[in-house]
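A quick write-up on the structure given underneath.
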């Protein structure tokens with residue numbers, strides 16, 4: 001009976017181990033234009049390479065059934081640029097309702113998030129806990145805050161443009177106001193999130209998957225402001241350091257007690273080999289930016305999966321130790 005319980009528990013744990021999320025990475029294109037900020041944003045919006053594939057997040061959704069990593073039914077796309085002084089962001093929110101959007105808030109720093117809205121999160125340091133929030137609704141009403149402090153404000157600009165089946169947000173945010181320097185290897189935490197209301201229900205989606213609150217800085221993606229390849233190589237270096245902390249040593253005595261645990265140990269060794277292979281590919285000098293971006297995301301996901309499996313392995317061996325006296 002005890003062995004049956006251990007194996008069943010192991011299956012449940014492994015089923016949750018595949019939920020490690022891929023790291024989303026984007027870059028703010030270096031711009032030289034000296035024209036007004038709205039023209040810069042419109043020019044960015046014409047670029048073909050936009051960030052897409054917004055994912056449903058946890059919470060109350062329009063869909064009756066939610067699925068992990070499911071794409072939002074009404075998609076969003078954005079593109080960003082910077083000139084060393086300002087960050088320019090253009091966001092297009094596709095919506096089959098056309099102009100029939102939920103937009104009531106007209107007060108600056110009011111409850112803008114209770115309308116159809118876009119929220120932009122910027123953390124000056126990637127994986128840092130300090131962050132800034134910017135929200136805009138279809139009326140152009142703005143909210144800005146430092147963390148959850150709505151008393152903070154800065155001289156950012158925004159404009160809303162209506163299209164047939166979409167609404168567009170143009171933004172200009174001074175880099176210095178959010179503590180960012182556009183040097184050669186700047187990487188910041190970043191996310192674009194969307195709230196959409198229809199028929200009294202709410203659909204939440206985001207570029208970098210958010211398992212609950214949009215404010216979860218641990219789940220922000222990464223934006224590169226500066227040299228893209230240099231920034232990604234620095235990120236690979238961090239992955240290499242994280243990999244170096246993962247020293248797996250299986251408990252052979254406990255492995256003999258359970259073929260399932262022995263199989264887990266073998267899977268972890270294979271996973272570590274895959275991590276090492278991708279790290280080696282990322283460290284090749286001929287690897288270009290797009291390849292590096294994919295490898296960074298894959299390595300991050302594999303590291304998360306390995307850490308989850310390591311915890312599961314420890315739980316299994318501890319369970320065996322606790323039942324050996326029976």
Across 5 Å bins beginning at 0, the whole-percent shares of Cα-Cα pair distances in the range 160-305 come to 2, 7, 12, 13, 14, 14, 11, 9, 7, 5, 3, 1, 1, 0
Test of understanding: ordering 134, 289 by Cβ neighbours within 10 Å, fewest first, what list do you get?
289, 134
Label-point separation (nm) for residue 216 and residue 127, each offset 7 Å from Cα along Cα-to-Cβ?
1.8 nm
The residues 201, 56, sorted from fewest to most surrounding Cβ atoms within 10 Å, come out as 201, 56
Based on the mean of other Cβ atoms within 10 Å per residue, sort peptides 260-268, 72-80 so the most packed one is first.
72-80, 260-268
Ranked by Cβ crowding within 10 angstrom, fewest neighbours first, how are 207, 167, 310 ordered?
310, 167, 207
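A short reminder: the numbers here are calculations on the coordinates, not readings from a lab. Source: prediction; values computed, not measured. Glycine gets a Cβ as well: all are built from the backbone with ideal geometry, and neighbour counts include every protein chain shown.
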